[in-house]
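Note sheet for the following structure.
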Amino acid sequence: MRIWHKTSSVGRLPEYPITWWCSEICSHSNATLECEQCSGRYPVAPPNSARPESSHVSLAIRRPSLSRPTWLSPRVIRTEFLAGLVVAIALIPEAISFSILAGVDPQVGLFASFTMAVTIAFTGGRPAMISAATGAIALVVAPLVRDYGLGYLVAAVILGGIFQVALALAGVARLMRFVPRSVMVGFVNALAILIFSAQLPYLIDVPVLVYPMVAIGIVIMLLLPRVTTIFPAPLIAVVLLTIATVTLGLAVPNVGGEGELPTSLPTLGLPDVPFTFETLRIIAPFALAVALVGLMESLMTAKLVDDITDTHSNKTRESFGQGIANIVTGFFGGMGGCAMIGQTMINVKTSGARTRLSTFLAGVLLLILVVALGPIVEVIPLAALVAVMIIVAYTTFDWHSLKSLPHMPKSETTVMLATVVATVFTHNLAIGVVVGVLTATVLFARRVAHLVTVESQLNGDGTAITYFVHGELFFASSNDLVYQFDFAHDPDKVVIDMTGAHIWDASTVAALDAIIYKYEKRGKRVEVNGVNEYSTAMRTRLKGRLASGH
């Protein structure tokens, strides 16, 4: 269960735990509630606890207890630590690969993953979500690095972070409510396909021993959770396969073959570029692309984690946090980043992490692994990491969506398939989401356009006719409105009753002007009645100012 801290005229009171008094909600005296704002967990009152008589459910403020918070329990800390360790290990080859894709040294991607994860752990709005260097950002900045060098990349990342902060303050996160479920399903399925396809290069033209190692890793991760959940199955698979590789001297690709690991800590500094308007002109388009792509992927990932954990995250805070994380990353010479869906699935779905601690530890352990324990990390076989990502792809795919496909409306299926195809074809989750949303918008407009009806009724002596218009009038539905009237044969007086209609845009005003013009051109008088307040205001503001289409 999730709760919010009580708010009063003096603001939030996070220092006071909140108890939910409801015996019917939970029968376990050691159950907990989790606060949306700070992710703190608090005990639920047992069934026999005293509760206010005035209401069945209420919130009661108690004095702070000196007992240890639930999220600091050894079990939670162990889960978060091990989840962070698994994510850190899996991040290394991906960060190196993304660095190569962007055309920079591997340490640029590794340091970016460290600073993004650590910063977002404090500033983000979605606990347990992993942010690091990503392929989407690498694709965006690669042309900038190729043409202008690393200094301009760093400057673009900092400016992109500033753009993200500005977009967060402008409330861009609220746009997430316009993403339909069919786009989300397509997004998830496309993500699973991309995660799996990204492993194929590590399975082609490799030593034959790689295949049984991948199979063994998959079997371990499928069977181990049935025996014990003390340790994350991915971590056990990686450790066992690494020990087997070293002990038996197996000649298989390992992390060390992906690139040289850094031996020093990242340093703070300014980008090595001239601070001129010409520099701004060069980096601004790339910075805006970094901001938009990063926010879109991060917000979609946050929504996905919300669905998995049955919780609600603060999307505005997440947008703001992504901007701060990119600014910090830029000043440390990183390539920027955003939420990593694959690593987040490892952290949340596979390893069971739920708090910011796992995100923070993933970044810290990543730095420790590559700087202090580089020789050990280098011998980890890539087959182990491929096995982990294959399991992630399998568990990420929404298999239920395939079973329900024959029963879904054609429009919903079309939107989902459009999202999947666009994402897989472009290898860009942001583009896929945009295509899906646009497809859903067009199909919705087409469907709603047919809900408008026009009925006519002559008066008793045939000297006047009344048209009754019903429905939502906008660009898709009002274009055919003009053809519903018989301009040539109607009597001299025409009444258009719009009591059951609503005018939404200028296209409808223009269509209405065209109808009135066609009647007046034939010497007939037109009255428009029943227009609601909003529609009247729009019609008054635009009447006669638009081309009527005649």
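The values are calculated or read from the model by the stated rules, or taken from the named source; none is laboratory data. Fair warning: this is a prediction, and the values are worked out from it, not measured in the lab. Every residue, glycine as well, gets a Cβ built from its backbone with ideal geometry; the counts of neighbours run over all protein chains shown.
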Worksheet entry | Number of positions in segment 186-198 that are over 17 Å from Thr344 (Cα atoms) and surrounded by 17 or more Cβ atoms within 10 Å (Cβ to Cβ) | 1
Worksheet item: Right, Leu110: out of contact with any Cys (no Cβ under 9 Å at 6 or more places or on another chain) and either among the acidic types (Asp, Glu) or at pLDDT 85 or above (or both) or not?
Response: yes
Response to the item:
Considering residues that are without any contact (Cβ under 8 Å) to a residue 40 or more places away in the chain, assigned to a loop (DSSP other than H, G, I, E, B) and farther than 19 Å from Val328 by Cα, the number found within segment 242-282 is 3
Item to complete: Could you tell me whether any residue of segment 500-517 is in contact with a His (Cβ under 8 Å, 6 or more places away or on another chain) and more than 18 Å from His470 (Cα to Cα)?
Response: yes
Worksheet, complete the sentence: Among helices (runs of 4 or more DSSP H) entirely inside segment 469-550, those with 2 or more residues being among the hydroxyl-bearing types (Ser, Thr, Tyr) and either modelled with pLDDT of 90 or more or touching a Phe, Trp or Tyr at 6+ places or on another chain (Cβ under 7 Å) (or both) are 506-521
Item to complete: Hey, can you tell me all the residues within segment 424-476 that are acidic (Asp, Glu) and touching a strand residue (DSSP E or B) at 6+ places or on another chain (Cβ under 7 Å)?
Response: Glu455, Glu472
